[in-house]
Amino acid sequence: MLPPELLKEGERQMTICNACRYCEGYCAVFPALELRRNFTKADLTYLANLCFDCRDCYYACQYAPPHEFAVNVPKLMAQLRTETYREFSWPAIFSGLFRRNALAVSLVTFSALAIILLLVWLVKGSGVLFGIHLGEGAFYRVVPFLAMTIPASIMALYGLTMLLGGALRFWRETQGHLSEVISISALWRATKDAFSLTYLKGGGAGCNYPDAAFAESRRWFHHLVFYGFLLDFASTSIAAFYDHFLGWQAPYPYLSWPVVLGTVGGIGLLIGTSGLLVLKWRSDRAPAEAQMLSMDVAFLVLLLLTSLTGLLLLVLRETAAMGILLVIHLAMVAGLFLTIPYGKFAHVAYRYAALVRYAIEQRRAQPGVS
Amino acid sequence: MAEHKSPGDVLVVGGGNAGLCAAITARRAGARVLLLESATKDLRGGNSRHTRNVRAMHKAATAYLTGPYGEEEFWDDLMQVTGGETNEHLARMTIRASEELGEWMPANGVRWQGSLRGTLHLGRTNLFMLGGGKAMVNAYYNAAAKLGVEVAYESEVRELKMGDGEFLSALAICNGAEREFNAKAIVVASGGFEANIPWLKEYWGEAAENFIIRGTKHNQGQMLKELLRHDAKPVGNPRGCHAVALDARAPKFDGGIVTRLDSVPFGIVVNKEVKRFYDEGEDFWPKRYAIWGGLIAQQPDQIAYSVFDAKALPLFMPSVFPPVKAGSIVELAANLGLSPPALVAVVDEFNRAVRPGSFDPGSLDSCRTEGLHPPKSHWAKAIDMPPYYGYPLRPGITFTYLGVTVDEQARVIMQGDRPSKNIFAAGEVMAGNILGKGYLGGFGLTIGSVFGRIAGREAARYATS
């Protein structure tokens, strides 16, 4: 449930923005709100997920605190987003994981680590963990192939299914019909906007992030994280293909596709997540929302550790450190997959859904002026 | 006693658009510049923080402007609003110089955007700042800091020391402490006196208590008062101010754009005695909104009520406060604190006088009243579709016209028509030279930018020669 006082505050601020409209050129939120006269829960949910938190509107706002109107759109939107992530997560019993997200994500990841470590210990004995394993199938001598792939697949499938369910509920809540999603042009525009992070460009100005100065760094770090993640995903898919269909077992040579893509992606993730963490550390807290910040940091740290352990595993795979590194890496991956629907990863689904809705809505509104 | 600072070259008083343009230009010309801003850093920028576009001459359409806007058309527009109350020499010079703003402003960090929705009538003539006036002000402060302009916030100049028409020093209160600043030249860019209610009362009487000030509370006119005290030659009607109809629930100061109401042409307006007092449909709203502040200021208790029905609600830009809503005229009158039988009578009389016509908010249409006094000449439709709505209205003061006379070098002219050699003025404090009456959207910023740059250049030239 979105708290009624938050909805009321959202309506108050959006009404001020709608009467002003000076920020229209920064992002999608303002053209979207201008199509409305009232701001219901559905409208606010949609607008909040359309906001990329670039903060340009905050520093440009003639009504920002200490003005008595106290307009602070990025903070309001972040508050609404944490509430919508919670509201649409499933099963509802886990929605509390959003409340103290950093703690929850750490606990899930450390539990995964403890369980994997315990299982390896019990099944394989401690000698395996600290031994040197070389040649084809080396990783599977520590954690057997099926013990690695089956739980990982189940966790990823679980996470993605739950998230998709959330996105569908979000779509229904914001008064969308399922048939609308099948609009190729809207999907194309939304995909383009997502892949280029159009709304972190601030209408050409860049973001006011981490402070009032305009900068492009946030967008570039985010690109490194996003495309790094995609490369790592591609690397894993190719490795699975090699294993299933060609019968080639990991570890793969340094100049194989899985290793090259994984390494480039991993380095991208490492730089991107570190960069974003530094920016967050230095960022102005006035337009920020504490719960969202905690969620951001938890997700970024987990991604950072996943890529770091992955890269270390590559470098040290022929040493005695491999066993323990593999276990830690798998625990990080497990933590990442399990918290897909209960952490910052969720923004991917809701933001994309909001971008699709925006593309549909703006096309419809095109001929007339609001 | 007052602490002395090492004398600088140029002292700029006021950190809005004009002052910033002056400071940046003077610094670029090699002068050491100190800018004093009376507001805190958060609320810096004077009334410029509420602006959104600048009117600029241009020969051809650009990515942000839909067509050309030449000197003669610009001049004609100015003549139309001022009725000739302008200094043609300075006005034409300003118009011509405005052509450079399209490049100069971005060179100092300002970005453009297409004209905002709902402001299409300005899409050809005015450049819109991305993010509006505060974003522009932020860009200028940033540019000024990079150039090495020194800025002091919460620093209000109280007194000017002058001798024989020459600036000697300025006494200011800086963060509560008294300080004296010497400089070889001074640029006064501290706005008008519209936030000084006692001063407004000298011309408007007690009515001024009920005025809402749309901009900063810092525009107290202290520098204007000081210059006039030292025999600067005044310009502009002292009683004159740009006054629009605002939502009566607006904050006393700094409400900016969002409290304006565009409902007037789509309904009727009555005063507290429930009498109509002016033709609500006389002309397009952008041409008429600026007379309604004055009209309301002349009504009892300086309050009026815009009344309309459900048909009219979607026809104008939403404003910040929801209208008072009711199922019947009787209920609406009660909610607005008006006499219900009187409002019913006025609405009935109006409805009976409405003649059939074809309604078109985009033209001076044929929907008008007959036999009604005052008439409603356009967009007259019976008020008969519930729910009914009402907004309480008050005069909202945007700026004042009284200022100091300047020459084309932005030098302040003293009594006897002698220009001061080291006192320059820019922005609202001298806008009355060019805009003696009326208003042209985005032209205040034009005057401030053009004269800010001239004042900065000339002050630096004097101070460094």
Problem set entry | Check on B:Leu224, aliphatic (A, V, I, L, M), surrounded by fewer than 20 Cβ atoms within 10 Å (Cβ to Cβ), in contact (Cβ under 8 Å) with a residue 60 or more places away in the chain and not in a strand (DSSP E or B) | no
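Just checking, how many residues over segment A:16-29 are within 19 Å of A:Glu361 (Cβ to Cβ) and within 10 Å of another protein chain (Cβ to nearest Cβ)? Steps first, please.
First, pick out the residues of segment A:16-29 that are within 19 Å of A:Glu361 (Cβ to Cβ): A:17-18, A:21, A:23-29.
From what's left, within 10 Å of another protein chain (Cβ to nearest Cβ): A:17-18, A:21, A:23-26.
Result for segment A:16-29: 7.
Residue check: is A:Leu311 surrounded by 17 or more Cβ atoms within 10 Å (Cβ to Cβ) and not polar (S, T, N, Q)? Full working, then the answer.
Numbers: surrounded by 17 or more Cβ atoms within 10 Å (Cβ to Cβ): yes; not polar (S, T, N, Q): yes.
Yes, satisfied.
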Exercise. Which one is nearest to the other protein chains (Cβ to nearest Cβ) among residues in segment A:30-45 that are free of Cβ contacts under 8 Å to residues at least 60 places away in the same chain and not in a helix (DSSP H, G or I)?
Worked result: A:Arg37
Problem set entry | Filtered residues of segment A:194-226 (kept if of a type in the set (A, V, I, L, M, F, W, C), away from chain B (no Cβ under 14 Å) and more than 16 Å from A:Val278 (Cα to Cα)) | A:Ala194, A:Phe195, A:Leu197, A:Leu200, A:Phe226
Exercise. Among A:Ala70, A:Ala48, which is more than 9 Å from chain B (Cβ to nearest Cβ) and assigned to a helix (DSSP H, G or I)?
Worked result: A:Ala48
For this session: Could you list all residues from segment B:437-465 that are in a loop (DSSP other than H, G, I, E, B) and either polar (S, T, N, Q) or touching a Leu at 6+ places or on another chain (Cβ under 8 Å) (or both)?
Result: B:Leu440, B:Gly441, B:Gly442, B:Ser465
Exercise. B:Ala63 fails exactly one of the following numbered conditions: (1) among the hydrophobic types (A, V, I, L, M, F, W, C); (2) closer than 28 Å to B:Leu147 by Cα; (3) out of contact with any His (no Cβ under 8 Å at 6 or more places or on another chain); (4) within 14 Å of another protein chain (Cβ to nearest Cβ). What is the number of that condition?
Worked result: (2)
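Among B:Val81, B:Val13, B:Val54, which is surrounded by fewer than 22 Cβ atoms within 10 Å (Cβ to Cβ) and assigned by TED's automatic domain parsing to the domain that holds B:Leu160? Don't jump to the end; show me each part of the working.
Numbers: B:Val13 fails: surrounded by fewer than 22 Cβ atoms within 10 Å (Cβ to Cβ); B:Val54 fails: surrounded by fewer than 22 Cβ atoms within 10 Å (Cβ to Cβ).
None of the other options fit; the residue is B:Val81.
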Seminar exercise, completed: Of the residues in segment B:392-408, those that are surrounded by 24 or more Cβ atoms within 10 Å (Cβ to Cβ) and under 17 Å from B:Arg92 (Cβ atoms) come to B:Val406
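Is it the case that segment B:206-217 has a residue that's within 14 Å of chain A (Cβ to nearest Cβ), part of a loop (DSSP other than H, G, I, E, B), in contact with a Gly (Cβ under 6 Å, 6 or more places away or on another chain) and over 12 Å from B:Gly403 (Cβ atoms)?
Taking segment B:206-217 and keeping what is within 14 Å of chain A (Cβ to nearest Cβ), we get B:212-217.
The next check asks that each one be part of a loop (DSSP other than H, G, I, E, B); those that pass are B:214-217.
Now narrow it down to the ones that are in contact with a Gly (Cβ under 6 Å, 6 or more places away or on another chain): B:214, B:216.
After this cut, where a residue has to be over 12 Å from B:Gly403 (Cβ atoms) as well, the list is B:214, B:216.
Yes, there is a match, as at least one residue in segment B:206-217 is within 14 Å of chain A (Cβ to nearest Cβ), part of a loop (DSSP other than H, G, I, E, B), in contact with a Gly (Cβ under 6 Å, 6 or more places away or on another chain) and over 12 Å from B:Gly403 (Cβ atoms).
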Exercise. Surrounded by 23 or more Cβ atoms within 10 Å (Cβ to Cβ) and more than 14 Å from every other protein chain (Cβ to nearest Cβ) - does that describe any residue in segment B:249-264?
Worked result: yes
Problem set entry | Residues that are aliphatic (A, V, I, L, M) and over 20 Å from B:Gly192 (Cα atoms), drawn from segment B:379-417 | B:Ala380, B:Ala382, B:Ile383, B:Met385, B:Leu393
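Conditions (1) closer than 30 Å to B:Glu458 by Cβ; (2) surrounded by fewer than 19 Cβ atoms within 10 Å (Cβ to Cβ); (3) not charged (D, E, K, R), marked per residue:
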| site | (1), (2), (3) |
| --- | --- |
| B:Ala333 | no, no, yes |
| B:His373 | no, yes, yes |
| B:Ala382 | no, yes, yes |
| B:Ala410 | yes, no, yes |
| B:Phe424 | yes, no, yes |
Problem set entry | strands (runs of 3 or more DSSP E) contained in segment B:97-178 and holding at least 1 residues more than 14 Å from chain A (Cβ to nearest Cβ) and either among the aliphatic types (A, V, I, L, M) or within 28 Å of B:Glu408 (Cα to Cα) (or both) | B:150-152, B:155-163, B:166-174
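From A:Leu302, A:Leu269, A:Leu326, which residue is buried (at least 21 other Cβ atoms within 10 Å of the Cβ), in contact with an Asp or Glu (Cβ under 8 Å, 6 or more places away or on another chain) and either in contact (Cβ under 8 Å) with a residue 24 or more places away in the chain or not in a helix (DSSP H, G or I) (or both)?
Details: A:Leu302 fails: in contact with an Asp or Glu (Cβ under 8 Å, 6 or more places away or on another chain); A:Leu326 fails: in contact with an Asp or Glu (Cβ under 8 Å, 6 or more places away or on another chain).
One residue alone meets the criteria, A:Leu269.
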Seminar exercise, completed: Those residues of segment B:261-279 which are closer than 30 Å to A:His67 by Cα and out of contact with any strand residue (DSSP E or B) (no Cβ under 6 Å at 6 or more places or on another chain) amount to B:Asp262
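The values are calculated or read from the model by the stated rules, or taken from the named source; none is laboratory data. Given the structure is predicted, the values throughout are model-derived calculations rather than measurements. Reconstructed Cβ throughout: ideal geometry from the backbone, glycine too, with neighbour counts over all protein chains shown.
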